[in-house]
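Accompanying notes for the structure given below.
None of the figures in this text is laboratory data; all of them are computed from the coordinates on show. Because the structure is a prediction, the values reported are computed rather than measured. With ideal geometry, Cβ positions are generated from the backbone for all residues, glycine too; neighbour counts draw on all protein chains shown.
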């Protein structure tokens, strides 16, 4: 503190505005250094790597767009993209409508409401790691409670492992993700709904709007910015899915649940095709960038406008 | 309407609302409770097929056996905890400083730095893991928890800087001007006047940094190959090994519970700040 004061007196001639401008720059320097070293440098690096044949050991060489050309003919990559899109298309509306229903249920302020809200939110704070290992066990045909529950209800002998059958394996992951993540969207939607002025809702009620009509014509249009945000976050998150598939299905049966990031993981860190992995990473980054640009446009708007 | 929040929309009476919410709660809690129950069974009972609903005898044996997993669960708890603390402290320092700089100053590089942070929001960190792996290998930072911590801090920055910028922006300029008039320089104004007013924002940032670090899976999986450097979520992969042709389910669920309990406790105690942070960083950003 003392040295700062000394410098203040010594630079008395410097104009106040100039000094303030410099002070502002000093405040952002530490964060900027981190971003440059641990984000910008690796980001430029991934683009550079994507143009090379880069094995973990041995010579690497510049091969231009060869990695990208390979990617567009690589059945495994194409299938992983297809599967990731399928997963995204299924999970996004499921998450949204579950979250919207929950948000309408718990948008009040009573004590009971708050208790329910807290319970619903618990799975959100658990990591994908432990949550996935929990569900991996929960649906195991030998020891898992879920197949046992169905057996008790009389749905035959569930001898076969759910995770070994294709639509069922995806279904298990989707249920787990809805369980784990719906409340995250619920909170955002709830806050937006709570932000709608009482007068508007009361006026609509007097006009006789009820149930789905009220929801569709008044509530949803008023929170469309939050809805877009929630949907974009969900799409971006789903396109990057890894943990839950790595743990619960391991990409099986027969690689049918291999997501794009999972595929990159395999190419880069199991087969050590680092250049090829980098090219796939760049493709994913481009896709996500496009989605984020839409997000930024949306965020410029405002709810209740 | 206040009595039954659902009523405005679907005319559901309070009793019906309560029943629906209770059913949902049961659905949400069932996997958690089942996992806790199974972790308290004896190893033998946890392997039983079909599974028992209520344990015949309660035992902490599975938890005791976790201490025998590779370096022991305590070691992994310490790894995860140290990593999380480092991430929290680092993120706080950097984002508080930058947030204040962005909220209150005009400077030449502002647009550039801001653009960089926006770019960072667009590029997922999964996309730069390959070069990070190579660079860290060269620098000897693979299998180094400090290296992992630096990445976690960096990727918490965009969200955290937005939250802090918003917290500082909410402080009336007049308060700051008064302190400048009283003779405080930028640093003293920041330290004595602004920072105390932005404490709620700081708690949100710290909370999210903790969760991010505690729960992160992919980077830790790739960059930590040495079993002594594993974090708790990666330790769980060890429990999935089929040692005697079968997964040790009781042990696995004990590991799951140990990994999730700190998150749950932290959330229950600081819930308010979590939701505030979500609003400040997600909606207003």
Inset, instruction - Please work out the Cα center distance from the range A:76-106 to the range A:180-199, rounded to the nearest Å. - result: 19
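Rounded, prolate or oblate: which fits the protein assembly as shown when a ≥ b ≥ c are the square roots of the eigenvalues of the alpha-carbon gyration tensor, with rounded for a/c under 1.5 and prolate only if a/b beats b/c?
Working: a/c = 1.60, a/b = 1.18, b/c = 1.36.
Oblate shape, in that a/c is at least 1.5 and b/c is the bigger or equal ratio.
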Legend entry - Cα centroid separation - the range B:24-56 against the range B:185-259, whole Å: 25
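For peptide B:33-39, how many partner chain Cβ atoms fall within 10 Å of a residue's Cβ, on average? It would help to have the intermediate numbers written out before the result.
Details: counts 1, 7, 8, 0, 1, 6, 0.
Per-residue shielding by partner chains comes out at 3.
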Legend entry - Pairwise label distance in nanometres, residue B:89 with residue A:149, each label 7 Å out on the Cα-Cβ vector: 4.4
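Listed highest first by mean packing, meaning other Cβ atoms within 10 Å per residue, what order do B:95-105, A:126-136 come in? Show your work: numbers first, answer last.
Values: B:95-105: 24.3, A:126-136: 26.1.
So the order, starting with the most tightly packed, is A:126-136, B:95-105.
Ranked highest first by the average count of other Cβ atoms within 10 Å around their residues, in what order do A:141-150, A:83-92 fall?
Numbers: A:141-150: 19.5, A:83-92: 17.9.
Highest mean packing first, the order is A:141-150, A:83-92.
Which translational diffusion coefficient, to the nearest whole µm²/s, is obtained for the range B:176-285 from the Stokes-Einstein equation, given a Kirkwood hydrodynamic radius over C-alpha pairs, 20 °C and 1.002 mPa s? Intermediate results must be reported in sequence, preceding the final value.
Numbers: Rh = 17.5 Å.
After rounding, the answer is 123 µm²/s.
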Inset, instruction - Please report, in Å, the Rg and the Dmax of the range B:28-165, where both are computed over Cα atoms only. - result: 22.3, 70
Legend entry - Per-residue mean of C-beta atoms belonging to partner chains within 10 Å, peptide B:154-167: 2
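So if each residue of separation counts as 0.36 nm, and I subtract the Cα-Cα distance between residue B:18 and residue B:227, what length gain in nm does that give?
Extra length available between residue B:18 and residue B:227 comes to 70.5 nm.
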Inset, instruction - Over all directions, average the projected area of the Cα convex hull of the range B:64-283 and note it in nm². - result: 14.7
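Among A:38-45, A:274-281, how do they line up from the highest to the lowest mean number of other beta-carbon atoms within 10 Å?
Numbers: A:38-45: 19.0, A:274-281: 27.4.
In descending order of packing, they fall as A:274-281, A:38-45.
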Legend entry - Spin-label pair residue B:174/residue B:268, simplified geometry with 7 Å Cα→Cβ offset, distance in nm: 4.4
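Quote the FRET efficiency, to the nearest 0.05, computed for residue A:270 versus residue A:89 with a Förster distance R0 of 25 Å and r equal to the Cβ-Cβ distance.
0.35
Once you have the Kirkwood Rh of the range A:78-155 from its Cα pairs, apply Stokes-Einstein at 37 °C and 0.692 mPa s and quote D in µm²/s. Mind dumping the intermediate values first?
Details: Rh = 15.7 Å.
Value of D from the Cα-based Kirkwood radius: 210 µm²/s.
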Inset, instruction - At 7 Å along the Cα-to-beta-carbon direction for both residue B:182 and residue A:79, put a label point, then send me their distance in nm to one decimal. - result: 6.9
Inset, instruction - Sort the range B:144-195 into rounded, prolate or oblate with this rule: let a ≥ b ≥ c be the square roots of the eigenvalues of the Cα gyration tensor; rounded if a/c is under 1.5, and if a/c is not under 1.5, prolate when a/b is larger than b/c, oblate otherwise. - result: oblate
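Quick one: compute the contact order of chain A, relative version, from alpha carbon pairs under 8 angstrom and 6+ residues apart, as a percent. Mind dumping the intermediate values first?
Details: 306 pairs, mean separation 86.5, N = 305.
Relative CO of chain A lands at 28 percent.
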Inset, instruction - Please provide three numbers in whole Å: the alpha-carbon extents of chain A along the principal axes, with the largest listed first. - result: 86, 71, 37
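Is there a simple number for the mean count of other chain Cβ atoms within 10 Å of the Cβ of residues in B:257-267, and what is it? Walk me through the numbers on the way to the answer.
Values: counts 2, 1, 7, 10, 2, 1, 6, 4, 1, 1, 6.
The mean count of partner-chain Cβ atoms within 10 Å per residue comes to 4.
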Legend entry - Theoretical FRET efficiency, 1/(1+(r/R0)^6), r = Cβ-Cβ of residue B:70 and residue A:254, R0 25 Å, to 0.05: 0.20
Legend entry - Crossing angle, helix B:199-215 versus chain B [Cα axis fit, 0-90 degrees, rounded to tens]: 40
